[in-house]
C-alpha cells in the first residue's frame, strides 16, 4: 500500500502541488513495484507477464536488474525483446523461439548459458553486442555463425580450432579472456581483430602478427 505525506510547498500553486504529488506518488509506486519484483525473483526465479511488461516499459533502454531470473516463457521473451540492452545471466537454457525473440535487442548478456544449438546461434547472431562467457565448448559451425556479431564475448572458451580463430577474425570487438594457449596460425588470424581482449600470454604472440 502506498503511503504519501502531502505537504503544500511554500509559494506553490495548486497546479504545481498536484504535479509534485503526482511525481512523488509515481516514484514511490515504482520503487515498491521494483522491490516486489526483485523479491519474487529471489524466491522463485520467475516473474509474471505483467511484471515483464512493466519492466520492459520502465527500463526500455537498459534492463540489468533481473539477474535472478532463471526461466522465462516464450511470451515473456517476446515482451523483453522491446528492451534495447538486456542482461539475463540467470538463464541456463533457452528455447529456439525464445532465442529468436531475444534476437531483436541490440545488446544481450547470457552468461548463464553453457551450451547453444545451431538454430539459437543463428538467432543470436543478429544481436550487435552478445555475451556468452558461460560457453566452455562451441562447434566450428556455431563460431562461423556468431562471427557476424560486432561485439562478442566468449571468455569461457579455453581453446580454439584454427578454423574458429579464422572465423572470429571477422569480429570487431572480441573477448577471449579464458584462453590458455593459441597456435601460430590462430595468432595470425586473431591479429586481424580490431579490439581483442585475451590473456597477455596469448596476446604477445598475436602482437607479432599485427601490422606496425
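Key figures for this structure:
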quantity: Flag for residue 178 being over 14 Å from the mean Cα position of the chain (by Cα) and more than 20 Å from residue 94 (Cβ to Cβ); calculated: yes
quantity: Where residue 99 falls short, out of the listed (1) at pLDDT 95 or above; (2) exposed (fewer than 15 other Cβ atoms within 10 Å of the Cβ); calculated: (2)
quantity: Residue 30 farther than 28 Å from residue 143 by Cα, loosely packed, with under 13 Cβ neighbours inside 10 Å, in contact with a helix residue (DSSP H, G or I) (Cβ under 8 Å, 6 or more places away or on another chain) and touching a residue at least 12 places away in the same chain (Cβ under 8 Å); calculated: yes
quantity: Some residue of the stretch 81-95 being part of a helix (DSSP H, G or I) and within 16 Å of the chain's Cα centre (by Cα); calculated: no
quantity: Test: residue in the stretch 76-84 that is out of contact with any helix residue (DSSP H, G or I) (no Cβ under 6 Å at 6 or more places or on another chain) and farther than 20 Å from residue 126 by Cα; calculated: no
quantity: Scan of the stretch 35-62 for residues that are farther than 19 Å from residue 78 by Cα and touching a helix residue (DSSP H, G or I) at 6+ places or on another chain (Cβ under 8 Å), ordered by number; calculated: 40
quantity: Whichever residue in the stretch 181-190 is more than 26 Å from the chain's Cα centre (by Cα) and either touching a residue at least 60 places away in the same chain (Cβ under 8 Å) or within 17 Å of residue 154 (Cα to Cα) (or both) and, among such residues, is surrounded by the fewest Cβ atoms within 10 Å (Cβ to Cβ); calculated: 181
quantity: Helices (runs of 4 or more DSSP H) within the stretch 103-190 that include 3 or more residues modelled with pLDDT of 95 or more and within 19 Å of residue 203 (Cα to Cα); calculated: 162-168, 184-190
quantity: From 164, 142, residue being more than 22 Å from the chain's Cα centre (by Cα) and touching a residue at least 24 places away in the same chain (Cβ under 8 Å); calculated: 164
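The values are calculated or read from the model by the stated rules, or taken from the named source; none is laboratory data. All values derive from a computational prediction rather than experimental measurement. Neighbour counts run over all protein chains shown; Cβ positions are idealised from the backbone, glycine included.
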